[in-house]
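In what follows, a structure is listed as structure tokens, so that the remarks can point back to it.
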Amino acid sequence: MIIIADGGSTKTNWCLLDDNQKKIYFNTEGYNPYFVDSEYILNSLKKGLPNDLPLDKVKEVNYYGAGVHNDEKAKIVATAIEALFPNAKVEIGHDLLAAARALLGDEAGFAAILGTGTNTCIYDGNEITFNINSAAYILGDEGSGCYIGKKLLTDFVRDIMPKDVSRVFFETYQLTPDEIIDNVYTKPLANRFCASFSKFVYDNNVNIEYTRKIVDDAFEAFFANLVSKYPNYQEYTFNCIGSVAYNFRNVLEYKATQYGMKVGKIIRSPIDDLVKFHIERAVEKS
């Protein structure tokens, strides 16, 4: 039995592949090692994984996660997973590599993530060869759910959000400006908190002009500050993964064409294509 997992900052998608190639899917919360430690991850997995999962029979875990930028951060995740799956070989990779392998398989090209956070890369068909740092949610992450959510929260806190939107926003979340500031600056997982409000944009039809401009501006910043900084970027097809990319794909596709890029795959989650990638790789090794 092997497990393939794609971990974002908010949610992790898991697939157990048994010895008969049967796929069993399940979800847990996301684990970004910049915000949580090994103990937190282990305790969360004990609660979140299916009760009947045969932990001792899993021989391999391929985990791709947000925030796994170096060996130190990878070790935080690995320590928790190794404790839970005592007989498994554990491989920890970046969620950007998962995105590239899901979007492009063994073909070279450009791949991006637009979910809770943002990331982009050039991929050679096996590994990432060039990546411009997204600078994370405080300094960057343009186009992400967190970026969109921060704009909404800023407008609400400053009382510059259109009144019709502000009314629905408060009715939906029952949060005061002081409570928002408290959540962002004194409580953990502020990136996840901010990103949760991006859902408001596609769940509500109040003042579409206002909400559409927030998304358009976010994607403009994404292309201007990240995508267009890759050498010869217009030679690549634009491929992207993530809930924000998928839910706002009409705006994203339009922005990509504005920047002279052809649009390839835009999908919500990499897990199905990632499982396919690992099945094909296993066949090649056998």
Quiz prompt | strands (runs of 3 or more DSSP E) enclosed by the range 80-136 - at least 3 residues per element that are among the hydroxyl-bearing types (Ser, Thr, Tyr) and either in contact with an Asp or Glu (Cβ under 9 Å, 6 or more places away or on another chain) or surrounded by 22 or more Cβ atoms within 10 Å (Cβ to Cβ) (or both) | solution = 118-123
Quiz prompt | Count of residues meeting criterion [outside any helix (DSSP H, G or I) and either aromatic (Phe, Trp, Tyr) or surrounded by fewer than 21 Cβ atoms within 10 Å (Cβ to Cβ) (or both)] in the range 143-160 | solution = 3
Quiz item: Residues Val206, Val275: which one is open to solvent by less than 80 Å² (accessible area, probe 1.4 Å), of a type outside the set (Gly, Ala, Ser) and closer than 28 Å to Asn13 by Cα?
Solution: Val275
Quiz item: Is it true that Ala245 is touching a residue at least 60 places away in the same chain (Cβ under 8 Å) and under 23 Å from Ile180 (Cβ atoms)?
Solution: no
Quiz item: Take the residues of the range 175-203 that are farther than 23 Å from Asn32 by Cα and not in a helix (DSSP H, G or I): which is least open to solvent (accessible area, probe 1.4 Å)?
Solution: Leu175
Exercise. Could you name every one of the strands (runs of 3 or more DSSP E) located completely within the range 1-62 that has at least 3 residues being farther than 23 Å from Ser196 by Cα, open to solvent by 10 Å² or more (accessible area, probe 1.4 Å) and among the charged types (D, E, K, R)?
Key: none
Self-check item: Residues (in contact with a helix residue (DSSP H, G or I) (Cβ under 8 Å, 6 or more places away or on another chain) and not in a helix (DSSP H, G or I)) located in the range 63-79
Solution: Tyr63, Tyr64, Gly65, Ala66, Gly67, Val68
Quiz item: Just to be sure, is Thr116 touching a residue at least 40 places away in the same chain (Cβ under 8 Å) and closer than 28 Å to Ile266 by Cβ?
Solution: yes
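The values are calculated or read from the model by the stated rules, or taken from the named source; none is laboratory data. Just so it is clear, the model here is predicted, and its values are computed rather than measured. Using ideal geometry, Cβ is built from the backbone for each residue, glycine included, and neighbour counts are taken over all protein chains shown. All accessible areas refer to the heavy atoms of the entire protein, side chains included, with ligands and DNA or RNA removed. Shrake-Rupley method; radii C 1.70, N 1.55, O 1.52, S 1.80 Å.
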